[in-house]
Amino acid sequence: MRSFTVSLRQRQALDVLDSGAHFEGVKSVSAERPVVAVFHEDASFGALQLREAARDVCQLVWVIDSTTGESSTSARLLAKSGTVVDLATLTHEDAVSQLRGCGVSGVVAFTDRKQVPAAIFAEHLGLSYRSPRVIDGLTNKAAQRRLLQQAGLPVPQFWQAPASGDREQLLVELKSAVVYPVVVKPQSGSGSRDAFRVGTPSDLADALADMVDEDVIIEEFLDDLTPREQQFAADYVSVETVCAADGYRHLVVTGRFPLAEPFRETGSFMPTHLPPAEIAEMLKIAESAGQALGVDSGFLHTEIKRTPAGPRVIEVNGRIGGGIPQLLQALGGPPLLTWAFMQAAGNEVPDVKFTPDGVAFFLWSQPPTDAHRVVSVTGAELLSDIPGVEATELSRGPGDAVDWHEGSFGYVYAASGKVTDHETLWSTREEILRTVDVEFA
């Protein structure tokens, strides 16, 4: 699954490559198919997964920037599975020239961070893509909330704390404006990294002092509609949408398992358990949010929270959500990654409607916030015996460090599969959590 750790995914991919499997690069594939540049990073979907999705659609050029932390493993994998353009080794003009020389006719990005360079290079190559202005609204949390507010959409109140700003003055200004608790997080973060709740002005001052090198956003804390201790599912969902020439096509609404403190995800399930009337409301809000941001192509992953005051838009992501393609595939749904390459290559995606067959899920077990290291893991080998569980992963074993600041991707183990209905899903989740015992230090 997309949710599994990068290191494990890369090790498996390299095992395949080292076994002698052949993957054609852009120079050896038939020139009849268009060439699409993938602006790629380790946090994206796996290279082999993307290569397979594009196989019958287009040829690929991998565009990376090794100065931003791309690992040697990732670079080795990409070099074996296609042509690589490393922006770290080229001037902007040379990179444009090289991409043009490869015959690139479309671009695509699967992470928030890579949408920015994808938009810039598409503009300089004269290719169709979202404009830098639209990308800013999709990747800058503060800019996004302003645009949504201006369109009359329900979003949390928010305040900005730029790294270069006068935070002491900001704290003075916030004294009369903020109702505690509030949520503090990096303005460009993802995966709930360093997102936490603060309850007093003093705690807020301490939090900002610990994040001096980052632009920070401070948000109104949104109460749950259902008390957390009574939840089978978290009080927020995501709407999965493809923006085609004929408008928005909402594919499905995805549910979430209850969050781990402070705001870490513990997995998703598809479709949501909400009744049809609420689903219809979520679809309407998601469409209005995408239109407010000027999105008319590509994919949207819109997160909406259910609160006592009504639904609130948490975030609009201009990409395919993590784990969503696998959940859809398990339900017999459309191949989203292939669709992304079809759009990038200038082709229309089919108008497919599907009825989910059962409920697909993936579950992550997060460490406690006070844990620093895994001491022991017992029972993980028994997970595959649980009805409905089809795949498991141990992400962190005895001796491995854990840190809640890593956010949702700092989980210890994962399980995924498919069950018949939501009642079975709730009991399967409980059985998974009972089966594995993790001791921390």
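For Ala205, the conditions (1) under 20 Å from Gly267 (Cα atoms); (2) touching a residue at least 12 places away in the same chain (Cβ under 8 Å); (3) of a type outside the set (Phe, Trp, Tyr) are fulfilled apart from (1). Please go through region 266-290 and pick out each residue that is closer than 23 Å to Ala143 by Cβ and either hydroxyl-bearing (Ser, Thr, Tyr) or in a loop (DSSP other than H, G, I, E, B) (or both). Within region 266-290, Ser288 is the sole residue that qualifies.
Among the residues of region 67-89, none qualifies, meaning not one is touching a Cys at 6+ places or on another chain (Cβ under 6 Å) and not assigned by TED's automatic domain parsing to the domain that holds Pro335. Only one of the listed residues (Ala109, Ala95, Ala43) is modelled with pLDDT of 95 or more, closer than 21 Å to Gly298 by Cβ and aliphatic (A, V, I, L, M). That residue is Ala109. Go through region 291-305 and give me each residue that's in contact with a helix residue (DSSP H, G or I) (Cβ under 8 Å, 6 or more places away or on another chain) and in a strand (DSSP E or B). Selection gives Gly298, Phe299, Leu300, His301, Thr302, Ile304. Within region 394-441, the set of residues being within 21 Å of Gly323 (Cα to Cα), of a type in the set (S, T, N, Q) and either free of Cβ contacts under 8 Å to residues at least 40 places away in the same chain or not in a strand (DSSP E or B) (or both) comprises Ser395, Ser408, Thr420, Thr424, Thr428.
Here is a check on your reading of the model: is Thr378 hydroxyl-bearing (Ser, Thr, Tyr) and either free of Cβ contacts under 8 Å to residues at least 12 places away in the same chain or more than 26 Å from Pro325 (Cα to Cα) (or both)? Yes.
Looking at Ala360, is it modelled with pLDDT of 95 or more and assigned to a loop (DSSP other than H, G, I, E, B)? No; evaluated as a whole, the condition is false for this residue. Does Pro262 satisfy the condition of being assigned by TED's automatic domain parsing to the domain that holds His301, in a loop (DSSP other than H, G, I, E, B) and at pLDDT below 90? Taking the combined requirement at face value, the residue satisfies it. Of all the residues in region 290-311, those that are surrounded by 19 or more Cβ atoms within 10 Å (Cβ to Cβ) and of a type outside the set (Asp, Glu) number 13.
The values are calculated or read from the model by the stated rules, or taken from the named source; none is laboratory data. Everything numeric in this text was worked out from a predicted model, so none of it was measured. Cβ atoms come from the backbone with ideal geometry, glycine included; neighbour counts cover every protein chain shown.
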